[in-house]
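These notes are about the structure you will find just below.
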Amino acid sequence: MRIFISTSKYCFKYPLENVTNGGKTTLAKNLQKHLPNCSIISQDDFFKPESEIDIDENGFLQYDVLEALNMEKMMSAISCWMENPGHSAGPAALESAQRVPILIIEGFLLFNYKPLDTIWNRSYFLTVPYEECKRRRSTRVYEPPDPPGYFDGHVWPMYLKHRQEMSTITWEIVYLDGTRSEEDLLSQVYEDVKQELEKQIAL
Ligand SMILES: Nc1ncnc2c1ncn2[C@@H]1O[C@H](COP(=O)(O)OP(=O)(O)O)[C@@H](O)[C@H]1O
Ligand SMILES: NC(=O)c1ccc[n+]([C@@H]2O[C@H](COP(=O)(O)O)[C@@H](O)[C@H]2O)c1
């Protein structure tokens, strides 16, 4: 997850990322309930249609790679928000930390996409162990649904590859244990965002 809080003076953006089913959508929505001028952009909304997804030698659709996503379209959505952050923000927004526009970008492949590198206030990465991730994934139905063997044959190996690529990242990422309760995770990130807001407002 990445969070971006914005107006021309105060800009806050927060990316939130994790392995599939790590809980980023849940956390982003919980945060939105507590942050009055908060928008969410979800990477999941930018998957290409099935007909444009590559298939590997095992017949698995290659959904867990950047090429499966229309990232240009997602960047346009982010630019759009930045040009006009938070629909309800007027000049009064700048006087109150509560009303400062905030953008949360949540996705499972954000940190290895170079154009997104520079624009964040804070970056979060939710982790969950293999067994828990596999268990949570088995309860979800995607369109198209996962065929047998998909988690071990595509999803998890792609996640490990992505984590490997992340080892070269130099900016700070806050790692969150995705097995903690929703309330705990919300409270940690909310406090963090509040502090960041107060710091920015004081500048
Ligand atoms: N902190 C948590 N503890 C236990 N289960 C969780 C937690 N957060 C989310 N979940 C569950 O995990 C599944 C995936 O959550 P979701 O937020 O959609 O993950 P993601 O967006 O990372 O794929 C859902 O069934 C959700 O209820
Ligand atoms: N939204 C879609 O079109 C679609 C289709 C098939 C699989 N998926 C899965 O979505 C996952 C990413 O989303 P989550 O992080 O919400 O689980 C990927 O692991 C991918 O395999 C999405």
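Laboratory data are not the source of any read-out in this text; all were calculated from the coordinates shown. Here the structure is a predicted model, which is why all the values come from computation and not from measurement. Virtual Cβ from ideal backbone geometry, glycine too; neighbours counted across all protein chains shown.
State to the nearest 20 debye the size of the charge dipole of the chain about its Cα centre, where the only charges are +1 on K and R beta carbons and -1 on D and E beta carbons. Walk me through the numbers on the way to the answer.
Details: 21 positive and 30 negative charges, 131 e Å.
I would put it at about 620 debye.
If amide H atoms are built 1.01 Å from N in the plane of the peptide, which residues on other chains or at least 5 residues away come under 5 Å of the amide H of residue 125?
Those qualifying (amide H under 5 Å, at least 5 residues apart or on another chain) are 17, 174, 175, 176.
Assigning unit charges at the beta carbon (Lys, Arg +1; Asp, Glu -1) and nothing else, what dipole magnitude in debye, to the nearest 20, does the stretch 142-203 show about its Cα centre?
260
Once both axes come from the Cα atoms, what is the angle between helix 24-34 and the longest principal axis of the chain, in degrees from 0 to 90, rounded to 10?
20
Take the alpha-carbon positions of the chain, form their convex hull, and give its projected area averaged over all directions (one quarter of the hull surface) in nm².
Computed as one quarter of the Cα hull surface, the answer is 11.5 nm².
For the chain, find the longest principal axis of its Cα atoms and tell me its angle to the long axis of helix 182-202, 0 to 90°, nearest 10.
Value to nearest ten degrees: 40.
Once you have the Cα-Cα distance between residue 136 and residue 200, take 0.36 nm times their residue separation minus that, and quote the gain in nm to one decimal. Don't skip to the end; give the middle numbers.
Working: separation 64, 0.36 × 64 = 23.04 nm, distance 3.72 nm.
Working it through step by step, the gained length comes to 19.3 nm.
Mind checking the stretch 152-203 for chymotrypsin sites (Phe, Trp or Tyr not before Pro) that DSSP puts in a loop (not H, G, I, E or B) and that have at most 14 other Cβ atoms within 10 Å?
Loop-located and lightly packed - 171.
Which angle between 0 and 90 degrees, to the nearest 10, do you get for helix 156-166 versus the longest principal axis of the chain when only C-alpha atoms count?
40
Say the cut-off is 28 Å between C-alpha atoms; which of 33/199; 73/194; 48/199; 73/134 go over it?
From the list (33/199; 73/194; 48/199; 73/134), the Cα-Cα distance tops 28 Å for 73/194; 48/199; 73/134.
Counting pairs of alpha carbon atoms under 8 Å apart in space and at least six apart in sequence, what relative contact order in percent does the chain give?
For the chain, the relative contact order is 35 percent.
Residue-wise, which Karplus ³J(HN,Hα) couplings in Hz belong to the stretch 103-111, taking 6.51 cos²θ - 1.76 cosθ + 1.60, θ = phi - 60°, and x for glycine or proline?
Running phi through 6.51 cos²θ - 1.76 cosθ + 1.60 with θ = phi - 60° gives 10, 10, 10, 10, x, 9, 9, 9, 7 Hz.
Which of 187, 79 comes first, and how do the rest follow, when ranked by fewest Cβ neighbours within 10 Å?
Values: 187 14, 79 9.
Lowest count first: 79, 187.
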